[in-house]
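The values are calculated or read from the model by the stated rules, or taken from the named source; none is laboratory data. Bear in mind that the values here come from a model prediction, so they are computed numbers and not experimental data. All Cβ positions, glycine included, derive from the backbone under ideal geometry; neighbour counts span all protein chains shown. The accessibility values were calculated without ligands, DNA or RNA, using every heavy atom of the protein model including side chains. Shrake-Rupley method; radii C 1.70, N 1.55, O 1.52, S 1.80 Å.
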Amino acid sequence: MSSAQSATVILARGGSKGVPHKNLRVVGGVSLIGRAVRAGLQAQSQAAVYVSTDDRAIADEARLHGARIIDRPADLSGDGASSEAGWLHALPLIRADFPELGQLVFLQCTSPFIKGSDIDACVQAMLEAGAACALSVVEDHSFLWGLDAQGRGIGQNHDHTKQRKRRQDLPPQYRENGAIYCVDAAAFEATGQRFCGTVALCPVDQPALEIDSLADLDLASVMAQSIDQNGVDPAALKNIRALVMDFDGVHTDNMVLTDQDGRETVRTSRGDGMGLAELAWHTDIKRLIVSKERNPVVLARAAKLGIEVQSAIDDKVAALDLWLMEQGLEWSQMLYIGNDINDAAAMRKAGLSACPSDAHGDILRLAQWILPQPGGRGALRHLCDTLVAAQGRNPG
C-alpha cells in the first residue's frame, strides 16, 4: 500500500423515492448505512470513514457504527445533485483531518455485501497499475446484443452469424457493480470526475446486487441469512476453539417474567439449542456460558444444553483468564458473544466478538460480527451454523 493516507466517503441522503428511508433499511440485522460504514472501517487501507448526509437519523445511525459525519448542504442533496458534487464537497473537510490524503474511496450503501478486503483490493489494484482511479467489477459472461440501423438484433461481443461460442470462449469482460470507486484525490479534485484518468479494474467475489427496489431489499435479506458474515474473515472463524456466551439477551430475548413471589422465568429458543448441539457434534469447539445473573434459570438452561456455566460472575475477564488457562487456550482462540455493556471488556480481548442484532448500541459498535437475528430468536443458531460450515470436523 502507498504511504499516502486513504479515507472512505459514503453519500447517504435522506430522500429516496424507490425505497423510502432506504439507507436505514436493515439487511442481515444491520442497516445499509451501517453495513457500508463497517466495511470501510474493516479495510486496513482506510484511515477513517465519513458519511455525508442531510438526514439526522442517518447521521445518528452512521455515528453509531463509527463514522465521522459531514453535513451535506441542501443544494447537494436533491435528486439532481451528482455524486461527484457531494464527494467534492467532502474532500476539503477530509483533508483538514488528513493533510497527506492520497486516495479517496467512495462506497455505495446500495451494495450491501461489500467487505473490507474488497476495498483494500480496489485500492491496491489502482496503486499497482499506477492508475488514477479504480472500480469494483464482476466478471460477466453474457452474450450482449444491440440493434442495427433497421432495428434488428446484432451481436455486440460475438458474431451471431457464425457458430455459437461457449460462454467461456468470449473475450474477458467485466460489469460495473456500483459498489466501490477509488480515486487519486488530486486527480479527482482537478477533473471533478470519478474516472479521472487511467482506470484499474478490481474483480470482486460478491453478489452482483444493487438495492433499488423493495424486491431487491427482500432478496438481500434472504441472501444475508445464508451467505453473510458481516465482513468476518473466514480464517478467523477457522481459528475459533472456544465459544463463550452471555446468557440474558443472547440465549434469551432479554425479557423476564416476574411473578408475585419474585420468581423469574425467561424465554429461550429451541432452534438455538439445536444449533449448539450441532456445534458440539460437528466440531471440537468448547462451549461456556458466563453470566452476571444469579438466577437459577441460567444453571437450569445450561444443564439442559449440556454446556459448562459460570454464573454470578461480576468480573468476566478475570474468570475467563482462569478458564482459558485451564483449557490450554488463548484469548485469540475465543469467540465471545454478548449484548450489553458488561460484555464489552471480554469482547475487546476475544479473538472474535459477536452480538445479536438487537444488542446495545455500544456493543453494536464494538462487535466484529453482528448476527442477523435478535437474541433468543435465532442469533446463536446462525452463529453455530456458520462455525460448523467453517470448520466442521465430525461429519454426522
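When ALA59, ALA36 are checked against the criterion of being touching a Leu at 6+ places or on another chain (Cβ under 9 Å), in a helix (DSSP H, G or I) and open to solvent by less than 50 Å² (accessible area, probe 1.4 Å), a single residue qualifies: ALA36.
Restricting attention to the range 62-85, the residues being surrounded by 14 or more Cβ atoms within 10 Å (Cβ to Cβ), in contact with a helix residue (DSSP H, G or I) (Cβ under 9 Å, 6 or more places away or on another chain) and of a type in the set (Ser, Thr, Tyr) number 1. Entry remark, the range 82-109: residues being without any contact (Cβ under 8 Å) to a residue 40 or more places away in the chain and in a loop (DSSP other than H, G, I, E, B) number 2 in total. Just one of the listed residues (CYS109, CYS133) is in contact with a Cys (Cβ under 9 Å, 6 or more places away or on another chain) and either open to solvent by less than 30 Å² (accessible area, probe 1.4 Å) or closer than 30 Å to GLY29 by Cβ (or both), and it is CYS133. Is it fair to say ASP343 is of a type in the set (D, E, K, R) and part of a loop (DSSP other than H, G, I, E, B)? Judged against the criteria, ASP343 is not a match. When TYR336 is tested against (1) surrounded by fewer than 17 Cβ atoms within 10 Å (Cβ to Cβ); (2) not in a helix (DSSP H, G or I), just one condition goes unmet, and that condition is (1). If you go through the range 39-56 and keep only what is open to solvent by less than 40 Å² (accessible area, probe 1.4 Å) and within 10 Å of the chain's Cα centre (by Cα), you end up with ALA39, GLY40. Considering only residues of the range 239-276 that are open to solvent by 50 Å² or more (accessible area, probe 1.4 Å) and under 24 Å from GLU330 (Cα atoms), which is modelled with the highest pLDDT? Result: ARG241. No other residue among ALA190, ALA125 is assigned to a helix (DSSP H, G or I) and either farther than 30 Å from GLY40 by Cα or touching a strand residue (DSSP E or B) at 6+ places or on another chain (Cβ under 7 Å) (or both) apart from ALA125. A search for C-beta distances below 6 Å between a residue of the range 235-251 that is under 22 Å from ALA359 (Cα atoms) and any residue that is in a loop (DSSP other than H, G, I, E, B) and of a type in the set (A, V, I, L, M, F, W, C), counting only pairs 6+ apart in sequence or on different chains, returns ALA242/LEU329; LEU243/ILE285. Taken over the range 136-147, the criterion of being open to solvent by 20 Å² or more (accessible area, probe 1.4 Å) and in contact with a Lys or Arg (Cβ under 9 Å, 6 or more places away or on another chain) is satisfied by GLU139, ASP140, HIS141, SER142, PHE143. In the set ALA280, ALA236, only one residue is surrounded by 13 or more Cβ atoms within 10 Å (Cβ to Cβ), of a type outside the set (D, E, K, R) and under 23 Å from ARG38 (Cα atoms); that residue is ALA236. Could you grab me the full set of residues in the range 340-363 that are open to solvent by 10 Å² or more (accessible area, probe 1.4 Å) and either touching a His at 6+ places or on another chain (Cβ under 7 Å) or not hydrophobic (A, V, I, L, M, F, W, C) (or both)? Of everything in the range 340-363, those that are open to solvent by 10 Å² or more (accessible area, probe 1.4 Å) and either touching a His at 6+ places or on another chain (Cβ under 7 Å) or not hydrophobic (A, V, I, L, M, F, W, C) (or both) turn out to be ASP340, ILE341, ASN342, ARG348, LYS349, GLY351, SER357, ASP358, HIS360, GLY361, ASP362. If the condition is being part of a strand (DSSP E or B) and either open to solvent by less than 50 Å² (accessible area, probe 1.4 Å) or at positive phi (or both), then the range 283-314 contributes ARG287, LEU288, ILE289, VAL290, VAL309, GLN310. Restricting attention to the range 65-92, the residues that are modelled with pLDDT of 90 or more, of a type in the set (A, V, I, L, M) and over 18 Å from THR191 (Cβ atoms) total 3. So which pairs qualify, if the first residue must be in the range 139-157 and closer than 26 Å to ALA208 by Cα and among the charged types (D, E, K, R), the second must be modelled with pLDDT of 90 or more and open to solvent by 40 Å² or more (accessible area, probe 1.4 Å), the Cβ gap must be under 7 Å, and the two must be at least 6 apart or on different chains? Listed pairs, sorted by first residue: GLU139/PRO203.
For the range 369-381, the criterion of being in a loop (DSSP other than H, G, I, E, B), closer than 16 Å to ASN254 by Cβ and among the aliphatic types (A, V, I, L, M) is met by at least one residue.
The residue pairs whose first member lies in the range 271-294 and is closer than 20 Å to GLY375 by Cβ and without any contact (Cβ under 8 Å) to a residue 60 or more places away in the chain, whose second member is open to solvent by 50 Å² or more (accessible area, probe 1.4 Å) and of a type outside the set (Phe, Trp, Tyr), and whose beta carbons are closer than 6 Å, counting only pairs six or more residues apart or on different chains, are LEU288/GLU308; LYS292/ASN342.
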